[in-house]
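Contents: one structure, followed by commentary.
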Amino acid sequence: MRREIIANLEKIVGRENCQVEEAARRQHGFSKTALPEAVLYPQDSRQVAAILKVAAAEGIPVVPWGAGTMARRGLLPLNGGLAINLTAMNKILEYDYENMTAFVEAGVTLKDLQATLKTHNLYWPVEPVEGDTSTVGGCVAAGASGPSKLGYGDAKFHILGLEVVLSTGEIIRTGGKTVKNVQDYDNTRFIAGSWGSLGIITRVMLKLRPLPEKEITVFLSFKELEAAIEAARIIRNDTLPTALELMDGVAMKILARAGYRPNGEGPGILANFNGFTEQVDAQADYLQGKFKGTLILEGEAAAGAWQARRQIWPTFAGEGGAILASAAVPFTALGEFLKGARAELDRSRKGAAMVAHFGNGHIHILLDQAPEAFNGVRGVVDQLSARAEDLGGFLVVDNIDDLEFTRRRVEARGRAIFELLGRVKAAFDPRGIMAPNSKVLAYLLVDNRAAS
């Protein structure tokens, strides 16, 4: 990147907030050869807009960055360009207790947000698996909702409006403080989940909820996967959990390594319940009567179990990395898929674990192979993908460069969708600089790879 461009960027954010050192670039990249050329730390939306005007004029690709916890799931390696780190934009701008809303900057962490809201007996019901370090802007941009999606729905349902900087440097606002605030297209929820490919989310209007009167976590352990599946089905259908996670035997061993060591070595279930005390107590009594050995966890014990659950992926991946596949099937086919997939993984003799957001029919499959060595597990992934499709679902691989699976899934909806999405992208981003390596739209490229 030319020195005069760096000088212009330094004038916008200050020299200390424009970093070109390799250490900073590595923190915002994927490998020694896939790094941004500079990392910028804007302090407000106007600085973000000024950065994008420079980038658009020069045709420089940009990638918005929060805590980076979801980056490897939705971004492919990008050589060069700018990483725009929003973590310095971390203010809670407005907190309206009566309307149960908060207007916050994108870099606010969930930990800080929830701590502030708790003092007023409110919270934002979005809890991504990646944990407290996740930023609000990152959750919204990635559509990261976590296990609580079962009880509360997707993250985009808990936002009322956005401030977004477009690639032209223009700043727009969508939605507002009222629940009904759409007079045209629902731009708020259209931009949410777009991974920065349409614009950079700089501020978010959040829709809050009152803290529940009581909250518990239920843990159950089983000897066989089939018994765990049947128990999870009963819990999902007969009670009202806000989160319901099923872990196979391999995942349970990783859970123990991550810090929660329950009795038993087979598959396990973590379920969360909250609400009025009488309601939660009744659900706990029902499950204790239904399943022998049911553990009821509260307070620090419950928090420790969920913290270990959040650490399953990084513990499994370790320093060498691992492949993460995600399957989704109709709920009624979930048990069949889990049993068939576990048998397929055992036959393949590949190290693998499965964790299911059971109530939603969503399964994470962790494969003990570095992402760059995907060909070593391509055969078993093809089998699992075919199994999911036969059951009315689909499977994608989250953290590899090859976009074959995503492209095939989208193409099945009709090839015309590629041209349609291309026009949408061009309308928002005529120079094609916004997160060109985002998996949301990168599969549109002719060579089926991310742009450099």
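The values are calculated or read from the model by the stated rules, or taken from the named source; none is laboratory data. All values derive from a computational prediction rather than experimental measurement. Using ideal geometry, Cβ is built from the backbone for each residue, glycine included, and neighbour counts are taken over all protein chains shown. Just so you know, the surface numbers come from the protein's heavy atoms only, side chains and all, with ligands and any DNA or RNA stripped out. Shrake-Rupley method; radii C 1.70, N 1.55, O 1.52, S 1.80 Å.
Quick notes on this one:
- Rolling a 1.4 Å probe over the heavy atoms of the protein chains gives the chain an accessible area of 44 Å² per residue.
- Sites GLU16 and ASP96, calculated FRET efficiency, Cβ-Cβ separation with R0 35 Å, nearest 0.05: 0.55
- Carbon + sulfur, % of accessible area of the stretch 305-433 - ligands and nucleic acids excluded, 1.4 Å: 48 percent
- Low-density loop positions, GluC sites (Glu not before Pro), the stretch 86-169 - DSSP coil, at most 14 other Cβ in 10 Å: GLU98
- The stretch 310-405: C-alpha gyration tensor shape, a/c 1.5 cut-off, then a/b vs b/c: prolate
- Virtual spin-label span in nm between GLU300 and ARG209, 7 Å along Cα→Cβ: 2.7 nm
- Computed over the stretch 27-137: relative contact order in percent, which uses C-alpha pairs under 8 Å that are six or more apart: 27 percent
- Efficiency of FRET between ASN237 and LEU420 - r from beta-carbon atoms, R0 45 angstrom, step 0.05: 0.75
- Label-reachable residues, the stretch 187-221, where backbone N falls under 19 Å from a point 7 Å from ASP281's Cα toward its Cβ: 212-218
- Contact order, relative form, for the chain: 15 percent (alpha carbon pairs under 8 Å, 6 or more residues apart, mean separation divided by residue count).
- Distance in nm between pseudo-label sites at LYS223 and ALA427 (7 Å out along the Cβ direction from Cα): 6.0 nm
- The stretch 263-316 shape via C-alpha gyration tensor axes, a/c threshold 1.5: oblate
- Sequence-distant residues sharing a close amide H with ALA38 (under 5 Å, placed H): ALA83
- Nonpolar atom fraction for the stretch 6-83, defined as the carbon and sulfur part of the 1.4 Å probe accessible area, stands at 47 percent.
- Long pairs among LYS111/LYS439; LYS223/LYS339; LYS156/LYS253; LYS156/LYS177, criterion Cα-Cα beyond 22 Å: LYS111/LYS439; LYS156/LYS253
- In the stretch 139-228, chymotrypsin sites (Phe, Trp or Tyr not before Pro) in a DSSP loop with at most 12 other beta-carbon atoms within 10 Å: TYR185
- Three-way shape label, the stretch 293-452, alpha-carbon gyration tensor, a/c 1.5: prolate
- Across the stretch 311-438, the relative contact order, built from alpha-carbon pairs under 8 Å that are at least six residues apart, equals 29 percent.
- Overall, the accessible surface of the stretch 237-297 at a probe of 1.4 angstrom is composed of carbon and sulfur to the extent of 51 percent.
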